[in-house]
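As structure tokens, the structure follows; a few thoughts come after it.
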Amino acid sequence: SQQGEEDPQALSIQEGENATMNCSYKTSINNLQWYRQNSGRGLVHLILIRSNEREKHSGRLRVTLDTSKKSSSLLITASRAADTASYFCATCQGGSEKLVFGKGTKLTVNP
Amino acid sequence: DVKVTQSSRYLVKRTGEKVFLECVQDMDHENMFWYRQDPGLGLRLIYFSYDVKMKEKGDIPEGYSVSREKKERFSLILESASTNQTSMYLCASSIQAANIRISNEKLFFGSGTQLSVL
């Protein structure tokens with residue numbers, strides 16, 4: 001059962017531009033998390049935003065959460081070629097014990 | 001630095017073989033997870049464990065079993081490997097918050113095992 005769904009599936013931008021990825025989900029959540037995966041490797045946790053938070057920052061990352069729309073966005077500012085990776089949102093429904101991942105957005109940052 | 005180690009980066013097995021995928025974490029985490037990742041399907045949870053000798057089924061447990069004899073080690077077992085189990089397998093761990101079985105805290109992932117079943 002897929003909870004989070006990322007949009008777009010793929011995104012290609014130039015170095016220095018901002019990248020925005022969106023995640024929609026279906027039911028109430030405890031928190032929403034964003035992860036990054038370099039090609040063929042494990043996932044790395046980027047940021048966690050709780051259901052009572054609306055915005056969170058970490059370096060060049062900005063995450064927003066709109067629980068009324070059941071959506072979140074991840075903004076990467078001033079992108080670099082090294083940001084090229086797949087980005088996943090993951091959610092845990094209220095009352096559930098499982099962290100469910102979306103299918104990811106593949107970001108390509110061209111030098 | 002925290003570490004989740006998967007025993008093999010690449011593995012090639014034949015149909016019908018019994019396959020063991022090993023995962024070890026050095027963070028004293030209570031929770032451990034096994035996911036598989038396939039193109040177009042994202043990550044899907046196979047099994048998870050919130051304590052030694054405890055296990056719970058995820059979304060796709062069929063054809064798999066797990067073992068957690070020690071806190072730091074969580075093994076995924078394919079009793080009789082089939083070609084549709086060719087996939088990237090990812091192990092992860094997390095701390096467990098007080099008073100809930102699974103904390104929903106961030107996961108730490110291993111580098112993955114690319115398994116090919118021929």
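The values are calculated or read from the model by the stated rules, or taken from the named source; none is laboratory data. It should be emphasised that the depicted structure is a prediction, and the values quoted were computed from it without experimental measurement. Quick reminder, even Gly has a Cβ in these numbers, built from the backbone with ideal geometry, and neighbours come from all protein chains shown. We work out accessible area using only protein heavy atoms, side chains counted, and drop any ligands, DNA or RNA first. Shrake-Rupley method; radii C 1.70, N 1.55, O 1.52, S 1.80 Å.
Restricting to the range B:14-32, count the residues that are aliphatic (A, V, I, L, M) and under 23 Å from residue B:117 (Cβ atoms).
2
Return the residue satisfying two criteria in turn: it lies in the range B:60-95 and is within 14 Å of chain A (Cβ to nearest Cβ) and buried (at least 17 other Cβ atoms within 10 Å of the Cβ), and of such residues it is modelled with the lowest pLDDT.
B:94
Among A:19, A:90, A:81, which is within 18 Å of residue B:106 (Cβ to Cβ) and in contact (Cβ under 8 Å) with a residue 40 or more places away in the chain?
Being within 18 Å of residue B:106 (Cβ to Cβ) and in contact (Cβ under 8 Å) with a residue 40 or more places away in the chain holds for just one of A:19, A:90, A:81, which is A:90.
Do you know which residues across the range B:36-64 are among the aromatic types (Phe, Trp, Tyr) and part of a strand (DSSP E or B)?
Residues satisfying the conditions are B:47, B:48, B:64.
In the range A:7-36, what count of residues is obtained for those that are open to solvent by less than 20 Å² (accessible area, probe 1.4 Å) and part of a strand (DSSP E or B)?
10
What pairs come up if the first residue lies in the range B:34-46 and is more than 7 Å from every other protein chain (Cβ to nearest Cβ) and without any contact (Cβ under 8 Å) to a residue 24 or more places away in the chain, the second is in a strand (DSSP E or B) and open to solvent by less than 10 Å² (accessible area, probe 1.4 Å), and their beta carbons are under 9 Å apart, counting only those six or more places apart or on different chains?
B:44/A:101; B:44/B:35
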